[in-house]
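The values are calculated or read from the model by the stated rules, or taken from the named source; none is laboratory data. Everything numeric in this text was worked out from a predicted model, so none of it was measured. Note that we place each Cβ from the backbone using ideal geometry, even for glycine, and neighbour counts take in every protein chain shown. All accessible areas refer to the heavy atoms of the entire protein, side chains included, with ligands and DNA or RNA removed. Shrake-Rupley method; radii C 1.70, N 1.55, O 1.52, S 1.80 Å.
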Amino acid sequence: ERGFSTAVFDEIEGLPSSANVNLHRQDPPRAQKCFEFGLIAESESKFDEAICWYSIGYGVELDSINLLEGPFEKTPSEDMHPSSKPRHSHDVSLQNDTAFALRCLLRRGELYQQMGILPQAKWDFARAMLLSPKMLVCVYHKARVEMEMGELLLSLNTLDLCIKHEIEDRHDKAIVSSLWTEKAEVYLRRHNTNDAVEALKKAISLNERNYG
């Protein structure tokens with residue numbers, strides 16, 4: 001019997017379900033296409049199908065996810081000529097398969113998180129951090145799910161290690177500010193009000209529109 005993965009490849013390639021299995025097929029669908037189909041499945045409440053799409057999407061670019069880094073601040077020249085050189089970040093405007101592969105993995109984790117399957121969500125975010133250690137958004141997600149699981153010390157440690165050792169001046173101040181806001185929330189949950197206030201001040205100093 002033909003499995004789900006064969007069926008979805010047939011759909012991407014436009015092959016009828018009765019097509020001979022020996023017909024030539026292209027490589028697995030691109031990560032962007034998997035991400036889009038995953039979102040469609042979610043909108044139809046087909047969560048198992050969405051998880052399958054996201055799994056395929058991040059798997060096809062597994063070897064290159066480690067090349068992602070950022071997000072970084074745009075320079076004036078990049079604003080004027082956005083296509084002048086490749087820029088890796090998690091911004092929605094970035095249209096490359098490697099970035100979509102990471103999105104697939106993060107979105108799968110978010111979906112598990114929404115479904116209340118927090119250990120699996122944490123695994124996905126930890127996997128994303130391992131595969132793409134220079135992407136700050138992975139740290140944000142992992143620390144948040146740890147906080148939801150009540151692992152407050154682990155969440156604080158995840159954020160501290162990133163803030164102390166991974167952040168560079170060129171990083172996007174908005175995402176760095178979000179890390180400090182999350183740190184403030186962890187402090188509040190630990191009833192450490194003074195440290196929470198200081199962390200929130202730092203967040204606002206980096207991005208005054210960030211009020212938590």
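General observations
- Scanning region 163-188 for residues that are over 19 Å from Ile204 (Cβ atoms) and either open to solvent by less than 20 Å² (accessible area, probe 1.4 Å) or within 18 Å of the chain's Cα centre (by Cα) (or both) yields one hit, Glu166.
- Options Glu151, Glu168, Glu182; residue that is farther than 20 Å from Asp124 by Cα and out of contact with any strand residue (DSSP E or B) (no Cβ under 6 Å at 6 or more places or on another chain): Glu168
- Scanning region 180-212 for residues that are touching a Phe, Trp or Tyr at 6+ places or on another chain (Cβ under 6 Å) and of a type in the set (A, V, I, L, M) turns up Ala196, Ala199, Ala203.
- Qualifying residue in region 132-142 (condition: open to solvent by less than 50 Å² (accessible area, probe 1.4 Å), of a type in the set (Gly, Ala, Ser) and either modelled with pLDDT under 95 or in a loop (DSSP other than H, G, I, E, B) (or both)): yes
Let's see how each residue does on (1) of a type in the set (Gly, Ala, Ser); (2) within 28 Å of Arg108 (Cα to Cα); (3) in contact with an Asp or Glu (Cβ under 9 Å, 6 or more places away or on another chain):
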| residue | (1), (2), (3) |
| --- | --- |
| Met149 | no, yes, no |
| Ile163 | no, yes, no |
| Arg170 | no, no, yes |
| Glu182 | no, yes, no |
| Tyr187 | no, yes, yes |
| Asn194 | no, no, no |
| Glu198 | no, no, no |
| Ile204 | no, no, no |
| Glu208 | no, no, no |
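- Meets criteria (in contact with a helix residue (DSSP H, G or I) (Cβ under 8 Å, 6 or more places away or on another chain) and modelled with pLDDT of 95 or more) for Ala41: yes
- Applying the set (1) open to solvent by less than 20 Å² (accessible area, probe 1.4 Å); (2) within 18 Å of the chain's Cα centre (by Cα); (3) over 19 Å from Phe125 (Cβ atoms) to Ala196 leaves exactly one unmet item: (2).
- So His191, is it open to solvent by 70 Å² or more (accessible area, probe 1.4 Å) and either under 29 Å from Trp53 (Cα atoms) or outside any helix (DSSP H, G or I) (or both): yes
- Scanning region 106-122 for residues that are of a type outside the set (Ser, Thr, Tyr), closer than 17 Å to Asp48 by Cβ and in a helix (DSSP H, G or I) turns up Arg107, Arg108, Gly109, Glu110, Leu111, Gln113, Gln114, Gln120, Ala121.
- Any hit, region 111-123, residues being over 20 Å from Gly59 (Cβ atoms), surrounded by fewer than 20 Cβ atoms within 10 Å (Cβ to Cβ), touching a residue at least 40 places away in the same chain (Cβ under 8 Å) and of a type in the set (A, V, I, L, M, F, W, C): yes
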